[in-house]
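The values are calculated or read from the model by the stated rules, or taken from the named source; none is laboratory data. If you're wondering where the values come from, they're calculated on a predicted model, not measured in any experiment. With ligands, DNA and RNA removed, areas are computed over all heavy atoms of the protein, side chains included. Shrake-Rupley method; radii C 1.70, N 1.55, O 1.52, S 1.80 Å.
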Amino acid sequence: MSSIEKVLKDAEAKQAGNQRLSTWLRQLKEVFLDAEDVLDEFECERLRRQVVETYGSIGRKVRRFFSSSNALVFRSRLGHQIKEIRRRLAQIDVDKNQFNLTTQSEENSPIKYKTHSFVRSSEVVGRDYDKEQIIALLKEQNDHDLNISVIPICGIGGLGKTTLAKLVYSDESVTSHFDLRLWVHVSQDFDVPRIIEQILTSAIFGKPESLTDDQIQESLRSCLRKRRFLLVLDDVWNESRDKWIELRNFLTEGAPGSKIIVTTRKDSVANIMGTVDTYNLKVLAQADCLSLFKKYAFKEGQDEKHRNLIKIGEKIVENCKGVPLAVRTLGSLLFSKFDEKEWTHVRDNEIWKLGQDQENQVLAALQLSYNDLPSHLKQCFLYCSLFPKDCIFDRSRLIYLWMGHGVLQSPNRRNKSWEEIGDQYFNELQSGSFIQDEDMEEASGVLASQRHKAPDKPQKSDNNYNSNVFSKEWDRSLDFSSLFEYHAM
(Lines give C-alpha, C1' and ligand atoms only; values in the text may rest on other atoms or scores of the structure.)
Protein backbone atom coordinates (compact mmCIF):
# COMPACT_ATOMS: atom_id res chain seq x y z
CA MET A 1 0.00 0.00 0.00
CA SER A 2 2.73 2.48 0.93
CA SER A 3 4.62 1.95 -2.34
CA ILE A 4 1.41 2.49 -4.35
CA GLU A 5 0.50 5.58 -2.35
CA LYS A 6 3.84 7.25 -3.11
CA VAL A 7 3.23 7.27 -6.87
CA LEU A 8 -0.50 8.00 -6.94
CA LYS A 9 -0.05 11.74 -7.49
CA ASP A 10 2.18 11.16 -10.52
CA ALA A 11 -0.21 8.52 -11.90
CA GLU A 12 -3.16 10.89 -11.57
CA ALA A 13 -1.29 13.63 -13.43
CA LYS A 14 -0.28 11.32 -16.32
CA GLN A 15 -3.44 9.30 -16.84
CA ALA A 16 -5.18 11.69 -19.29
CA GLY A 17 -3.15 10.49 -22.25
CA ASN A 18 -2.55 6.89 -21.16
CA GLN A 19 -5.42 4.40 -21.37
CA ARG A 20 -3.47 1.60 -19.69
CA LEU A 21 -2.62 3.84 -16.76
CA SER A 22 -6.28 4.88 -16.47
CA THR A 23 -7.24 1.19 -16.37
CA TRP A 24 -4.65 0.58 -13.64
CA LEU A 25 -6.10 3.42 -11.55
CA ARG A 26 -9.62 2.11 -12.10
CA GLN A 27 -8.57 -1.33 -10.85
CA LEU A 28 -6.97 0.28 -7.83
CA LYS A 29 -10.17 2.16 -7.06
CA GLU A 30 -12.21 -1.04 -7.33
CA VAL A 31 -9.93 -2.76 -4.81
CA PHE A 32 -10.27 0.15 -2.40
CA LEU A 33 -14.06 0.08 -2.74
CA ASP A 34 -14.11 -3.65 -2.01
CA ALA A 35 -11.88 -3.06 1.01
CA GLU A 36 -14.28 -0.37 2.19
CA ASP A 37 -17.16 -2.87 1.87
CA VAL A 38 -15.27 -5.31 4.09
CA LEU A 39 -14.76 -2.61 6.71
CA ASP A 40 -18.46 -1.78 6.55
CA GLU A 41 -19.29 -5.44 7.19
CA PHE A 42 -16.99 -5.46 10.21
CA GLU A 43 -18.71 -2.35 11.54
CA CYS A 44 -22.14 -3.86 10.92
CA GLU A 45 -21.16 -7.04 12.78
CA ARG A 46 -19.80 -5.00 15.68
CA LEU A 47 -23.07 -3.11 15.98
CA ARG A 48 -25.05 -6.35 15.72
CA ARG A 49 -23.13 -7.87 18.62
CA GLN A 50 -23.56 -4.69 20.62
CA VAL A 51 -27.33 -4.92 20.13
CA VAL A 52 -27.31 -8.59 21.14
CA GLU A 53 -25.35 -7.84 24.31
CA THR A 54 -27.58 -4.90 25.20
CA TYR A 55 -30.93 -6.56 24.41
CA GLY A 56 -30.24 -10.19 25.16
CA SER A 57 -33.90 -11.07 25.55
CA ILE A 58 -34.53 -10.33 21.88
CA GLY A 59 -31.22 -11.69 20.69
CA ARG A 60 -32.82 -14.50 18.69
CA LYS A 61 -34.93 -11.98 16.78
CA VAL A 62 -31.86 -9.91 16.03
CA ARG A 63 -29.90 -12.96 14.87
CA ARG A 64 -32.74 -13.96 12.57
CA PHE A 65 -32.66 -10.46 11.10
CA PHE A 66 -28.93 -10.51 10.42
CA SER A 67 -27.83 -13.17 7.95
CA SER A 68 -24.21 -13.07 9.19
CA SER A 69 -24.96 -14.02 12.78
CA ASN A 70 -22.91 -17.22 12.56
CA ALA A 71 -19.48 -16.06 13.78
CA LEU A 72 -17.53 -18.89 12.13
CA VAL A 73 -19.16 -18.34 8.75
CA PHE A 74 -18.67 -14.59 9.08
CA ARG A 75 -14.97 -14.90 9.91
CA SER A 76 -14.32 -17.42 7.15
CA ARG A 77 -16.10 -15.37 4.49
CA LEU A 78 -14.40 -12.10 5.38
CA GLY A 79 -11.07 -13.86 5.73
CA HIS A 80 -11.30 -15.04 2.14
CA GLN A 81 -12.32 -11.56 1.01
CA ILE A 82 -9.34 -9.97 2.77
CA LYS A 83 -6.99 -12.53 1.27
CA GLU A 84 -8.34 -11.79 -2.21
CA ILE A 85 -7.97 -8.04 -1.69
CA ARG A 86 -4.36 -8.50 -0.60
CA ARG A 87 -3.69 -10.61 -3.71
CA ARG A 88 -5.16 -7.96 -6.00
CA LEU A 89 -3.20 -5.19 -4.30
CA ALA A 90 0.03 -7.18 -4.71
CA GLN A 91 -0.66 -7.55 -8.44
CA ILE A 92 -1.46 -3.85 -8.79
CA ASP A 93 1.79 -3.04 -7.00
CA VAL A 94 3.69 -5.16 -9.54
CA ASP A 95 1.82 -3.65 -12.50
CA LYS A 96 2.69 -0.09 -11.49
CA ASN A 97 6.34 -0.65 -12.43
CA GLN A 98 5.52 -0.61 -16.16
CA PHE A 99 4.43 3.05 -16.02
CA ASN A 100 7.72 4.57 -14.76
CA LEU A 101 5.90 6.55 -12.09
CA THR A 102 7.86 8.88 -9.82
CA THR A 103 7.32 9.71 -6.18
CA GLN A 104 5.76 13.12 -5.52
CA SER A 105 4.91 14.73 -2.22
CA GLU A 106 1.45 16.19 -1.60
CA GLU A 107 2.94 19.58 -0.82
CA ASN A 108 5.25 20.06 -3.80
CA SER A 109 3.90 19.43 -7.28
CA PRO A 110 6.26 19.88 -10.21
CA ILE A 111 6.25 23.31 -11.83
CA LYS A 112 4.60 22.95 -15.22
CA TYR A 113 5.77 26.12 -16.90
CA LYS A 114 7.42 29.48 -16.30
CA THR A 115 6.16 32.86 -17.39
CA HIS A 116 8.10 35.90 -18.55
CA SER A 117 7.33 39.61 -18.73
CA PHE A 118 7.36 40.16 -22.49
CA VAL A 119 4.17 40.64 -24.51
CA ARG A 120 3.31 42.41 -27.76
CA SER A 121 0.45 44.75 -26.95
CA SER A 122 -0.84 44.36 -30.51
CA GLU A 123 -1.46 40.67 -29.81
CA VAL A 124 -3.70 41.38 -26.79
CA VAL A 125 -7.39 42.02 -27.30
CA GLY A 126 -10.02 43.45 -24.99
CA ARG A 127 -7.91 44.34 -21.95
CA ASP A 128 -7.41 48.10 -22.42
CA TYR A 129 -9.87 49.04 -19.67
CA ASP A 130 -8.35 46.54 -17.22
CA LYS A 131 -4.87 47.84 -18.06
CA GLU A 132 -5.90 51.43 -17.32
CA GLN A 133 -7.44 50.43 -13.99
CA ILE A 134 -4.32 48.60 -12.81
CA ILE A 135 -2.01 51.44 -13.94
CA ALA A 136 -4.15 53.90 -11.97
CA LEU A 137 -3.73 51.73 -8.88
CA LEU A 138 0.03 51.62 -9.42
CA LYS A 139 0.26 55.39 -9.42
CA GLU A 140 -1.82 55.90 -6.28
CA GLN A 141 -0.01 56.86 -3.09
CA ASN A 142 0.25 54.16 -0.45
CA ASP A 143 -2.15 54.86 2.42
CA HIS A 144 -0.53 52.63 5.04
CA ASP A 145 2.69 52.46 7.04
CA LEU A 146 4.54 50.09 4.70
CA ASN A 147 6.37 51.51 1.69
CA ILE A 148 4.83 48.88 -0.57
CA SER A 149 1.28 48.32 -1.76
CA VAL A 150 0.09 44.92 -3.03
CA ILE A 151 -2.46 44.73 -5.85
CA PRO A 152 -3.97 41.24 -6.35
CA ILE A 153 -5.35 40.27 -9.76
CA CYS A 154 -7.62 37.25 -9.33
CA GLY A 155 -9.50 35.05 -11.78
CA ILE A 156 -9.91 31.57 -13.19
CA GLY A 157 -7.10 29.84 -15.07
CA GLY A 158 -6.74 30.82 -18.72
CA LEU A 159 -8.53 34.16 -18.24
CA GLY A 160 -5.48 36.33 -18.96
CA LYS A 161 -4.20 37.48 -15.56
CA THR A 162 -0.56 37.04 -16.57
CA THR A 163 -1.19 38.73 -19.93
CA LEU A 164 -2.74 41.72 -18.16
CA ALA A 165 0.24 41.92 -15.79
CA LYS A 166 2.58 41.85 -18.80
CA LEU A 167 0.64 44.66 -20.48
CA VAL A 168 0.91 46.83 -17.39
CA TYR A 169 4.56 45.90 -16.78
CA SER A 170 5.59 46.91 -20.31
CA ASP A 171 3.59 50.15 -20.50
CA GLU A 172 5.77 53.22 -21.09
CA SER A 173 4.11 55.26 -18.34
CA VAL A 174 4.79 52.44 -15.87
CA THR A 175 8.39 52.07 -17.03
CA SER A 176 9.04 55.77 -16.43
CA HIS A 177 7.17 55.82 -13.12
CA PHE A 178 9.32 53.19 -11.38
CA ASP A 179 13.07 53.11 -10.82
CA LEU A 180 13.15 49.33 -11.00
CA ARG A 181 10.87 46.66 -12.44
CA LEU A 182 11.07 43.00 -11.39
CA TRP A 183 9.25 39.88 -12.60
CA VAL A 184 9.13 36.50 -10.82
CA HIS A 185 7.08 33.44 -11.71
CA VAL A 186 6.21 31.85 -8.37
CA SER A 187 3.80 28.96 -9.07
CA GLN A 188 2.98 26.42 -6.35
CA ASP A 189 6.34 26.19 -4.61
CA PHE A 190 6.44 29.31 -2.44
CA ASP A 191 10.03 28.80 -1.33
CA VAL A 192 11.11 32.15 0.13
CA PRO A 193 14.90 31.80 -0.43
CA ARG A 194 14.28 30.76 -4.05
CA ILE A 195 11.92 33.68 -4.66
CA ILE A 196 14.38 36.13 -3.12
CA GLU A 197 17.13 34.82 -5.39
CA GLN A 198 14.85 35.16 -8.44
CA ILE A 199 13.95 38.74 -7.49
CA LEU A 200 17.65 39.59 -7.18
CA THR A 201 18.36 37.88 -10.50
CA SER A 202 15.68 40.05 -12.13
CA ALA A 203 17.14 43.16 -10.52
CA ILE A 204 20.78 42.64 -11.57
CA PHE A 205 20.01 40.93 -14.91
CA GLY A 206 21.98 37.88 -13.97
CA LYS A 207 22.15 35.01 -11.52
CA PRO A 208 24.06 35.79 -8.31
CA GLU A 209 27.09 33.52 -8.16
CA SER A 210 28.75 31.99 -5.09
CA LEU A 211 26.59 33.85 -2.58
CA THR A 212 25.14 32.43 0.61
CA ASP A 213 21.45 32.91 1.41
CA ASP A 214 22.32 35.73 3.82
CA GLN A 215 24.41 37.47 1.18
CA ILE A 216 21.61 37.15 -1.38
CA GLN A 217 19.11 38.63 1.05
CA GLU A 218 21.40 41.51 1.94
CA SER A 219 22.14 42.15 -1.74
CA LEU A 220 18.40 42.33 -2.46
CA ARG A 221 17.72 44.78 0.37
CA SER A 222 20.63 46.91 -0.83
CA CYS A 223 19.36 46.78 -4.42
CA LEU A 224 15.85 47.90 -3.41
CA ARG A 225 16.88 50.49 -0.85
CA LYS A 226 15.29 53.90 -1.50
CA ARG A 227 14.27 52.91 -5.02
CA ARG A 228 10.64 52.90 -6.12
CA PHE A 229 10.12 49.46 -7.60
CA LEU A 230 7.40 47.40 -9.26
CA LEU A 231 7.49 43.67 -8.55
CA VAL A 232 5.19 41.19 -10.29
CA LEU A 233 4.68 37.89 -8.46
CA ASP A 234 2.97 35.78 -11.09
CA ASP A 235 0.83 32.69 -10.46
CA VAL A 236 0.87 32.59 -6.65
CA TRP A 237 -0.75 29.68 -4.83
CA ASN A 238 0.64 30.09 -1.31
CA GLU A 239 -2.00 30.33 1.43
CA SER A 240 0.43 30.61 4.33
CA ARG A 241 0.43 34.15 5.71
CA ASP A 242 3.62 33.39 7.63
CA LYS A 243 5.51 32.67 4.40
CA TRP A 244 4.17 35.81 2.78
CA ILE A 245 5.17 37.99 5.75
CA GLU A 246 8.63 36.41 5.68
CA LEU A 247 9.04 37.41 2.03
CA ARG A 248 7.42 40.82 2.47
CA ASN A 249 9.92 41.74 5.19
CA PHE A 250 12.72 41.59 2.61
CA LEU A 251 10.86 43.99 0.32
CA THR A 252 10.25 46.94 2.65
CA GLU A 253 13.51 48.76 1.86
CA GLY A 254 12.06 50.34 -1.28
CA ALA A 255 11.01 53.98 -1.60
CA PRO A 256 7.42 55.04 -0.89
CA GLY A 257 5.15 54.24 -3.81
CA SER A 258 6.68 50.82 -4.48
CA LYS A 259 4.09 48.33 -5.72
CA ILE A 260 3.65 44.59 -5.99
CA ILE A 261 1.24 42.97 -8.46
CA VAL A 262 0.13 39.46 -7.52
CA THR A 263 -1.70 37.20 -9.99
CA THR A 264 -3.58 34.27 -8.50
CA ARG A 265 -6.57 32.00 -9.01
CA LYS A 266 -7.44 31.95 -5.31
CA ASP A 267 -9.40 34.54 -3.37
CA SER A 268 -7.70 33.34 -0.20
CA VAL A 269 -4.26 34.21 -1.62
CA ALA A 270 -5.50 37.65 -2.65
CA ASN A 271 -6.90 38.26 0.83
CA ILE A 272 -3.64 37.22 2.50
CA MET A 273 -1.34 39.32 0.32
CA GLY A 274 -3.41 42.27 -0.87
CA THR A 275 -3.32 45.72 0.70
CA VAL A 276 -6.01 47.06 -1.67
CA ASP A 277 -9.22 45.52 -2.96
CA THR A 278 -8.76 42.50 -5.21
CA TYR A 279 -9.07 43.23 -8.93
CA ASN A 280 -11.32 40.41 -10.16
CA LEU A 281 -10.67 39.89 -13.85
CA LYS A 282 -13.78 39.20 -15.93
CA VAL A 283 -14.26 37.11 -19.06
CA LEU A 284 -13.72 38.73 -22.45
CA ALA A 285 -16.68 40.20 -24.31
CA GLN A 286 -17.99 38.20 -27.27
CA ALA A 287 -16.74 40.78 -29.81
CA ASP A 288 -13.26 40.74 -28.29
CA CYS A 289 -13.21 36.95 -28.27
CA LEU A 290 -14.11 36.91 -31.97
CA SER A 291 -11.31 39.38 -32.76
CA LEU A 292 -8.84 37.22 -30.81
CA PHE A 293 -10.09 34.11 -32.58
CA LYS A 294 -9.53 35.70 -36.00
CA LYS A 295 -5.97 36.61 -35.07
CA TYR A 296 -5.14 32.98 -34.44
CA ALA A 297 -7.31 31.33 -37.10
CA PHE A 298 -6.36 33.51 -40.09
CA LYS A 299 -3.46 35.44 -41.50
CA GLU A 300 -3.97 39.20 -41.49
CA GLY A 301 -6.83 40.19 -43.81
CA GLN A 302 -7.57 36.59 -44.73
CA ASP A 303 -10.78 36.43 -42.69
CA GLU A 304 -12.57 38.74 -45.14
CA LYS A 305 -12.26 36.05 -47.82
CA HIS A 306 -13.95 33.39 -45.69
CA ARG A 307 -17.14 34.88 -44.29
CA ASN A 308 -18.76 31.45 -44.31
CA LEU A 309 -16.14 30.25 -41.82
CA ILE A 310 -16.54 33.38 -39.68
CA LYS A 311 -20.23 32.51 -39.17
CA ILE A 312 -19.19 29.08 -37.88
CA GLY A 313 -16.39 30.68 -35.85
CA GLU A 314 -18.88 32.92 -34.05
CA LYS A 315 -20.56 29.84 -32.58
CA ILE A 316 -17.21 28.28 -31.68
CA VAL A 317 -16.22 31.46 -29.86
CA GLU A 318 -19.58 31.56 -28.09
CA ASN A 319 -18.88 28.09 -26.72
CA CYS A 320 -15.60 29.34 -25.21
CA LYS A 321 -17.60 31.57 -22.82
CA GLY A 322 -15.08 34.39 -22.78
CA VAL A 323 -12.01 32.36 -21.74
CA PRO A 324 -9.09 33.59 -23.90
CA LEU A 325 -7.08 30.37 -23.49
CA ALA A 326 -9.85 28.34 -25.10
CA VAL A 327 -10.32 30.94 -27.87
CA ARG A 328 -6.61 30.98 -28.73
CA THR A 329 -6.36 27.20 -28.68
CA LEU A 330 -9.28 26.68 -31.04
CA GLY A 331 -8.16 29.50 -33.31
CA SER A 332 -4.70 27.94 -33.58
CA LEU A 333 -6.28 24.55 -34.26
CA LEU A 334 -8.17 25.92 -37.27
CA PHE A 335 -5.35 28.04 -38.67
CA SER A 336 -5.02 27.67 -42.46
CA LYS A 337 -7.89 25.19 -42.58
CA PHE A 338 -10.62 26.29 -44.97
CA ASP A 339 -12.79 23.17 -45.15
CA GLU A 340 -16.18 23.90 -43.62
CA LYS A 341 -16.42 20.32 -42.40
CA GLU A 342 -13.41 20.80 -40.15
CA TRP A 343 -14.89 23.98 -38.69
CA THR A 344 -18.32 22.44 -38.11
CA HIS A 345 -16.62 19.45 -36.48
CA VAL A 346 -15.00 21.79 -33.94
CA ARG A 347 -18.24 23.74 -33.49
CA ASP A 348 -20.27 20.61 -32.78
CA ASN A 349 -17.78 19.00 -30.40
CA GLU A 350 -16.85 19.82 -26.83
CA ILE A 351 -13.30 21.07 -26.34
CA TRP A 352 -12.35 17.98 -24.34
CA LYS A 353 -13.22 15.75 -27.31
CA LEU A 354 -10.64 17.37 -29.56
CA GLY A 355 -7.27 15.86 -30.44
CA GLN A 356 -4.81 15.12 -27.66
CA ASP A 357 -2.53 18.10 -28.35
CA GLN A 358 -5.36 20.61 -28.32
CA GLU A 359 -6.90 19.04 -25.27
CA ASN A 360 -3.64 19.33 -23.38
CA GLN A 361 -3.32 23.01 -24.23
CA VAL A 362 -6.76 23.78 -22.82
CA LEU A 363 -6.41 21.48 -19.84
CA ALA A 364 -2.91 22.66 -18.89
CA ALA A 365 -4.11 25.69 -16.91
CA LEU A 366 -7.11 23.86 -15.48
CA GLN A 367 -5.21 20.71 -14.55
CA LEU A 368 -2.92 22.68 -12.26
CA SER A 369 -5.93 23.95 -10.28
CA TYR A 370 -7.29 20.43 -9.88
CA ASN A 371 -3.93 18.89 -8.93
CA ASP A 372 -3.47 21.55 -6.25
CA LEU A 373 -6.60 20.41 -4.41
CA PRO A 374 -6.11 18.17 -1.36
CA SER A 375 -7.59 14.70 -1.75
CA HIS A 376 -10.74 15.40 0.29
CA LEU A 377 -11.63 18.39 -1.91
CA LYS A 378 -10.98 16.38 -5.07
CA GLN A 379 -13.59 13.87 -3.91
CA CYS A 380 -16.11 16.63 -3.23
CA PHE A 381 -15.47 18.23 -6.62
CA LEU A 382 -15.66 14.94 -8.51
CA TYR A 383 -18.96 14.21 -6.78
CA CYS A 384 -20.33 17.22 -8.69
CA SER A 385 -19.97 15.26 -11.94
CA LEU A 386 -23.34 13.73 -11.02
CA PHE A 387 -25.00 17.06 -11.82
CA PRO A 388 -25.76 17.98 -15.45
CA LYS A 389 -23.87 20.75 -17.22
CA ASP A 390 -24.92 24.33 -16.45
CA CYS A 391 -26.63 23.12 -13.30
CA ILE A 392 -27.83 25.70 -10.79
CA PHE A 393 -27.75 24.08 -7.36
CA ASP A 394 -28.40 25.00 -3.78
CA ARG A 395 -25.36 25.18 -1.54
CA SER A 396 -26.97 23.55 1.47
CA ARG A 397 -28.41 20.72 -0.65
CA LEU A 398 -24.99 19.90 -2.09
CA ILE A 399 -23.46 19.81 1.39
CA TYR A 400 -26.18 17.42 2.59
CA LEU A 401 -25.55 15.22 -0.44
CA TRP A 402 -21.84 15.15 0.42
CA MET A 403 -22.78 14.16 3.96
CA GLY A 404 -25.25 11.49 2.89
CA HIS A 405 -22.81 9.80 0.53
CA GLY A 406 -19.88 9.85 2.92
CA VAL A 407 -17.76 12.22 0.81
CA LEU A 408 -16.83 14.55 3.66
CA GLN A 409 -13.67 13.64 5.49
CA SER A 410 -12.02 15.32 8.43
CA PRO A 411 -9.25 13.70 10.45
CA ASN A 412 -9.53 16.47 13.08
CA ARG A 413 -13.25 17.05 13.50
CA ARG A 414 -13.00 18.35 17.06
CA ASN A 415 -16.25 20.14 17.82
CA LYS A 416 -17.24 20.90 14.22
CA SER A 417 -20.52 19.57 12.87
CA TRP A 418 -20.63 17.81 9.53
CA GLU A 419 -22.53 20.81 8.14
CA GLU A 420 -19.70 23.12 9.20
CA ILE A 421 -17.13 20.83 7.60
CA GLY A 422 -19.14 20.75 4.37
CA ASP A 423 -19.47 24.52 4.48
CA GLN A 424 -15.70 24.82 4.86
CA TYR A 425 -15.07 22.51 1.89
CA PHE A 426 -17.56 24.43 -0.23
CA ASN A 427 -15.88 27.74 0.58
CA GLU A 428 -12.49 26.32 -0.38
CA LEU A 429 -13.81 25.11 -3.75
CA GLN A 430 -15.47 28.45 -4.36
CA SER A 431 -12.27 30.29 -3.43
CA GLY A 432 -10.40 28.22 -6.03
CA SER A 433 -12.93 29.19 -8.77
CA PHE A 434 -14.32 25.65 -9.06
CA ILE A 435 -17.76 26.94 -8.10
CA GLN A 436 -19.18 30.36 -8.88
CA ASP A 437 -22.03 32.27 -7.33
CA GLU A 438 -25.06 32.49 -9.59
CA ASP A 439 -25.58 36.20 -8.97
CA MET A 440 -21.94 36.97 -9.83
CA GLU A 441 -22.23 35.08 -13.12
CA GLU A 442 -25.40 36.90 -14.09
CA ALA A 443 -23.69 40.19 -13.36
CA SER A 444 -20.75 39.30 -15.62
CA GLY A 445 -23.09 38.34 -18.44
CA VAL A 446 -21.99 34.74 -18.89
CA LEU A 447 -24.92 32.92 -17.31
CA ALA A 448 -26.59 30.73 -19.93
CA SER A 449 -30.11 31.66 -20.92
CA GLN A 450 -31.35 28.19 -20.09
CA ARG A 451 -29.96 26.00 -17.34
CA HIS A 452 -30.68 22.69 -15.72
CA LYS A 453 -32.01 22.86 -12.20
CA ALA A 454 -30.75 20.55 -9.52
CA PRO A 455 -33.59 18.13 -8.73
CA ASP A 456 -35.68 18.62 -5.64
CA LYS A 457 -33.99 21.85 -4.78
CA PRO A 458 -35.11 22.92 -1.30
CA GLN A 459 -36.98 26.18 -0.91
CA LYS A 460 -34.87 29.08 0.23
CA SER A 461 -35.43 30.56 3.63
CA ASP A 462 -33.86 33.64 5.19
CA ASN A 463 -30.92 31.64 6.45
CA ASN A 464 -30.46 29.47 3.35
CA TYR A 465 -27.35 29.60 1.25
CA ASN A 466 -27.20 31.21 -2.17
CA SER A 467 -27.57 29.25 -5.36
CA ASN A 468 -24.39 28.55 -7.26
CA VAL A 469 -23.27 27.26 -10.62
CA PHE A 470 -20.23 25.18 -11.46
CA SER A 471 -17.37 27.34 -12.70
CA LYS A 472 -17.65 28.11 -16.42
CA GLU A 473 -13.93 27.55 -16.78
CA TRP A 474 -14.30 23.90 -15.84
CA ASP A 475 -17.77 23.36 -17.24
CA ARG A 476 -17.14 24.65 -20.74
CA SER A 477 -13.61 23.36 -21.19
CA LEU A 478 -14.02 19.72 -20.27
CA ASP A 479 -17.40 18.94 -18.69
CA PHE A 480 -17.64 17.19 -15.32
CA SER A 481 -18.22 13.79 -16.86
CA SER A 482 -14.93 14.11 -18.73
CA LEU A 483 -13.04 15.23 -15.65
CA PHE A 484 -14.59 12.40 -13.67
CA GLU A 485 -13.53 9.91 -16.34
CA TYR A 486 -9.97 11.20 -16.09
CA HIS A 487 -9.62 11.45 -12.32
CA ALA A 488 -12.16 9.33 -10.49
CA MET A 489 -10.37 6.09 -11.30
Reported to the nearest 10 Å², Glu132 has, with a 1.4 Å probe, an accessible area equal to 120 Å²
Once all protein chains are kept in place, Phe99 shows an accessible area at probe 1.4 Å, nearest 10 Å², of 30 Å²
For Ile261, other-chain or 5+-apart residues with amide H closer than 5 Å (H placed, Pro excluded) are Ile151, Leu231, Val232, Leu233
With all protein chains present, the range 291-349 has a carbon and sulfur share of its accessible area (1.4 Å probe) in percent of 44 percent
The percentage of the accessible area of the range 121-280 (probe 1.4 Å, all protein chains present) made up of carbon and sulfur atoms, to the nearest whole number, is 42 percent
For the range 293-300, in residue order, the Karplus 3J(HN,Hα) values (coefficients 6.51, -1.76, 1.60; θ = phi - 60°; whole Hz; Gly and Pro = x) are 4, 4, 4, 8, 8, 9, 6, 4
Sorted list, accessible surface of protein heavy atoms, 1.4 Å probe, largest first, for Val184, Val124 is Val124, Val184
Taking only protein heavy atoms and a 1.4 Å probe, the highest-to-lowest accessible-area order of His185, His405, His116 is His405, His116, His185
With all protein chains in place and a 1.4 Å probe, Trp418 shows an accessible area in Å² (nearest 10) of 90 Å²
By accessible area (1.4 Å), largest first, Asp213, Asp95 order as Asp213, Asp95
